[in-house]
1. Mind listing the long-range amide H neighbours of residue 345? Cut-off is under 5 Å, sequence gap 5 or more, other chains count too, H placed in the peptide plane at 1.01 Å from N.
2. Size of the dipole of the chain about the Cα centre, Lys and Arg at +1 and Asp and Glu at -1 on the beta carbon, nothing else charged, in debye to 20?
3. Starting from the amide H of residue 69, placed 1.01 Å from N in the peptide plane, find each other amide H under 5 Å away whose residue is 5 or more places distant or on another chain.
4. What part of the accessible area of the range 1-131, given as a whole %, is carbon or sulfur when the probe is 1.4 angstrom?
5. Using 0.36 nm per residue, how much length does the chain from residue 159 to residue 286 gain when fully extended, once their Cα-Cα distance is taken away?
6. In nm, to one decimal, how far is the modelled label at residue 92 from the one at residue 261, with both set 7 Å along Cα→Cβ?
7. For the chain, report the accessible area per residue in Å² (1.4 Å probe, heavy atoms, rounded to an integer).
8. Where nothing but the Cβ of Lys and Arg (+1) and of Asp and Glu (-1) is charged, how large is the charge dipole of the range 233-281 around its Cα centre, in debye to the nearest 20?
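The values are calculated or read from the model by the stated rules, or taken from the named source; none is laboratory data. All values derive from a computational prediction rather than experimental measurement. No Cβ is skipped: glycine too gets one built from the backbone with ideal geometry, and neighbour counts run over all protein chains shown. Only protein heavy atoms, including side chains, enter the accessible area calculation; ligands, DNA and RNA are left aside. Shrake-Rupley method; radii C 1.70, N 1.55, O 1.52, S 1.80 Å.
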Amino acid sequence: MKIVIVGDGKVGYTLAKTLSQEGHDIVVIDNNKRILQESQDALDVAVLEGNGASVEVQREVNVANSDLLIAATNGDETNLLCCMVAKKLGCKHTIARVRNPEYDQQIRFMREELGLSMVINPEKTAALEIFRLLQFPSFLKRDSFARGSAELVELKLKKDNPLCGKALMQFRTVADVNALVCAVDRSGRISIPKGDFVLEAGDKISIATDSADLVRLIKNLGVYSPKAQHVMIVGGSRTATYLAQRLIRSKTKLTIIEQDQKRCEDLSEALPAATIIHGNGTEQELLLSEGIASMDAVVTLTGIDEENLIVSMFANYLGVPKTITKINRTEYNSILESKGIDSIVSPKLLTANEIVRYVRAMEDTMGGSILTLYRIAESRAEALEFSVKGEASFVNMPLYSLRLKPSVLVAAIIRARKVIIPSGADVMQKGDNVIVVTAADHAIRDLKDIFMGEA
């Protein structure tokens, strides 16, 4: 497909890289000539210097005959204007990044009246991801499928975990829940494992399970941690505001440390139930005086990766049970985890994943369209949710009779909100939601793509 991306910042660059790797024809528009040159040198994309909201600039890149325009500049209004112009010129689909909380209540109006295919808010998406992790602090990562019916969660196995030394065929006996280990990250090497795979201490495992079984799963594995009741947020960003609103509604005691005086005043007015501290959240004395050592969780949300890392490492050093760190430069994630960094959240990656899911869903599907896409195991594997079409050739055929491609696993089938961890005798039926886990280099766009030859 032909895709135009307006804005070559963190999100724009990540999108250009990901979508070009998937074989799409990408044009990037930005006013910054130096940044465009860097993208052109590093990626297989075309670039154009100019104002992406200009009719003439959009005509120059032939937006009228493009499949999709993604507006990801730093300005919400600019992004909306880019999409309006593109729609008027005849672009089939448009996506706008909109970050201002004031626009949050107008999303439906924007989509209907402005003809937007999607409106995405990276800060709000990141806040939801963090909030879900704080409900189950035992997990490094937690993704939801089928409107919350099924979950894919990531755990790191410590030496005393009952799974260590066990083959996966013994997993259900040990865990005593309806669940399946569908990916293992061992020292950076990703496996889509079979039943004879033996787990070791230090493995990070991704488990598909029924949402109702999450508590029983972590209790049976001896890794249960209660929901965080007292949380410290360092950095009063937009993400912090979205997260704070959710935490306050869930009766969580909340402390926010912010360096900017005016921002503190705004936060105090918007969040009267939270304790707002004016100060430098990287100073140890301030953190200690505000009780960081007694917190259930510390979330670092400043705009500087290095500050977030330092504070999270300090919280880990003090024994804080859960730390969540916002990071933009994700290329160092594997190194950071070896230094005691717990859960890492990247708004740009969350945004890119959501848009990649939409792009894949735009393509014609014969076996079943993609509903959800998550990157797991440091983005080296993908978990995808599909809706099964009745006319697909593999429908109602036992899984044992279907030849899956290498490194592909059918992790769960959701039927009438019931989660089925499939055996070889199970079948996919029309209307089912199916969760598939695969190595990231497969780029599956349709459920039929998981099979060898014709299913």
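1. Excluding prolines and chain starts, which carry no amide H, the hits are 325, 326, 327.
2. Numbers: 55 positive and 58 negative charges, 271 e Å.
It works out to roughly 1300 debye.
3. Distant-sequence amide H within range of residue 69: 4, 93, 94, 95.
4. On the way: 2730 of 6010 Å².
Roughly 45 percent, rounded to a whole number.
5. On the way: separation 127, 0.36 × 127 = 45.72 nm, distance 3.51 nm.
Net length gain for the segment: 42.2 nm.
6. Simple spin-label model gives 5.5 nm for this pair.
7. Values: 20100 Å² over 455 residues.
Per residue, the chain has 44 Å² of solvent-accessible surface.
8. On the way: 7 positive and 5 negative charges, 63 e Å.
Dipole size: approximately 300 debye.
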